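The values are calculated or read from the model by the stated rules, or taken from the named source; none is laboratory data. Fair warning: this is a prediction, and the values are worked out from it, not measured in the lab. Note: ideal-geometry Cβ built from the backbone for every residue, glycine included; neighbour counts use all protein chains shown. Each accessible area value is taken on the protein alone, full model and side chains, heavy atoms only, with ligands, DNA and RNA left out. Shrake-Rupley method; radii C 1.70, N 1.55, O 1.52, S 1.80 Å.
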Amino acid sequence: MKVAIIHEWITVIAGSESCFKVFTEIYPEADIFVLVSDDKSIKKLGIDPNRVNNSFIQKLPKAKTKWKNYLPLFPFAVEQFDLSEYDLIISSSHAVAKGVITNANQTHICYIYSPIRYAWDLYHQYLKEANLTKGVKAFIAKSILHYIRNWDLGTSNRVDAFIPISKYIEKRVWRTYRRESYKVIYPPVDVDAFTLEKKKEDFYLTASRIVPYKKIDLIVEAFSKIPDKKLVVIGDGPEFKKVKEKAGDNVSVLGYQDFEVLKDHMQRTKAFIFAAEEDFGIIPIEAQACGTPVLAYGKGGSLETVKGKFVDQQLTSDDTGVYFENQTVESILSAINFLEDNYDVFDPEKIRNFALKFDKELFRKNIEDTFNKIIKERRK
């Protein structure tokens, strides 16, 4: 069986790359197709560069660092991959990978992180943040995204089986494409890289890339209202300066830190705070792998990656965190107070055990078994 694996780009290593890497390990002889790649990232993933086939975008100016500037070309570029000789096509898709052209004799499985967010769910937010709501540039941007939406919807029938990363994305796949998913399989988390620490210290932690939708500024604002409680912020990004300026004496903004520093803080912190609406969200699971409870925005993937209760509901020792209802300072403060009043309920060992269900080896087995089952069904 000849296999092709499609991934949008290999330029930075993030959550989707950890899934993609597992696919390349399950099928070590598979050919890999990407729009653009970076040699350092390929090496970091431990992939033989001879397996990687790039689109024509690779040869365009500054493509390795400014690949998103070529968004209008993505649909055309992915359709230029000639996959006619392959029996199995696996697309690892959060943009256009699922849009490769296949035929009726092939099996196309799409592991989907989300339909294209800036064309669908985050369309208006993307335009506002890019200052593209009015004017000629805005008209061009809206026209491009309109074209991509139509293309994205039209190419959904090129997929034989969708495997979404969460139930939240399963709903989005149905809403966007009106396609039933085959099965939800959560992404892998390297929980073994984190160790249980039962003894916690009296500070809170948040960590992520500091970009608008992560809402780090809201968390910092909340702690400005409770100067007797300490917060540590780890991460860097375009909103770093804004967050730094809002930080009071009880907030330590450390910027980017290496893994060992992050892990040390995760192990010692009283609770990890996560205010983003994510498709899945790996970092709360990493915190739980340390036996640390999580305060999370009660929407999106957090409802699956944190076993929690909303404020004023009854917490039990099986819970791993607390949800806050709104992305507001008041809602975060309410959740902090609720956690403080009920902190003795949490069991660090049970919190870690919950995180273990996302182990990368379980992901690999689940993915491999599911792929084989789909292939077998398609042969009938």
Leading residue at positive end of dipole, the chain (Cβ point charges), from TYR343, PRO212, LEU262: PRO212
Rounded tilt (10° steps) of 167-177 against the dominant C-alpha axis of the chain: 40
Between 0 and 90°, nearest 10: helix 259-268 axis offset from the chain longest Cα axis: 40
Over the range 164-255 - Rg/Rh using Cα atoms and the Kirkwood inverse-distance radius: 1.13
Among ALA271, ALA289, ALA141, residue whose mean-square fluctuation peaks in a GNM of the chain (springs only between Cα atoms under 10 Å): ALA141
At most 11 other Cβ within 10 Å, DSSP loop - GluC sites (Glu not before Pro), the range 160-199: GLU180
Surface share of carbon and sulfur [accessible, 1.4 angstrom probe, percent] for the chain: 50
Contact order normalised by residue count of the range 63-107, Cα under 8 Å, 6+ apart, percent: 39
Unsatisfied cross-links (Cα-Cα over 29 Å) in the set LYS98/LYS171; LYS198/LYS309; LYS40/LYS214; LYS40/LYS183; LYS2/LYS44: LYS40/LYS183
Trypsin sites (Lys or Arg not before Pro) within the range 1-104: DSSP coil, no more than 12 neighbouring Cβ in 10 Å: LYS62, LYS66
Selected from TYR123, ILE109, LEU88, residue furthest toward positive end of dipole (the range 83-153; charges at beta carbon): TYR123
Value of relative contact order over the chain, rounded to a whole percent, pairs C-alpha under 8 Å and six or more apart: 13
Candidates ILE109, ILE26, ILE234, ranked by Gaussian network fluctuation over the chain, Cα under 10 Å, top entry: ILE26
Ratio of Rg to Rh over the chain (Cα coordinates, Kirkwood Rh, two decimals): 0.98
All-pairs Cα distance distribution in the range 31-121, expressed in whole percent, bin size 10 Å: 15, 45, 35, 5
Coarse-grained scattering of the range 338-377 at q = 0.17, 0.21, 0.22, 0.27 Å⁻¹, given as base-10 log I(q)/I(0) from a Debye sum over alpha-carbon atoms: -0.61, -0.72, -0.75, -0.87
Of LYS68/LYS215; LYS142/LYS263; LYS21/LYS225, those spanning more than 32 Å from alpha-carbon to alpha-carbon: LYS142/LYS263; LYS21/LYS225
Those GluC sites (Glu not before Pro) in the range 1-87 that DSSP places in a loop and that have at most 12 other beta carbons within 10 Å: GLU29, GLU85
Rg/Rh (Cα only; Kirkwood hydrodynamic radius) as it applies to the range 79-120: 1.00
Cα long-axis angle, helix 136-154 against the chain (0 to 90 degrees, to the nearest 10): 70
For the range 299-361, alpha-carbon Rg and Dmax in angstrom: 12.3, 40
Length added when fully stretched, SER252-LYS380, from 0.36 nm per residue minus Cα-Cα: 40.1 nm
MRE, 222 nm, helices only [DSSP H, n ≥ 4, -39500 (n - 2.57), over the chain, to nearest 500]: -10500 deg cm²/dmol
The range 266-380 - Rg and Dmax from Cα coordinates, angstrom: 16.5, 58
Aspartates and glutamates whose Cα lies under 17 Å from that of LYS134, excluding same-chain neighbours fewer than 8 positions away: none
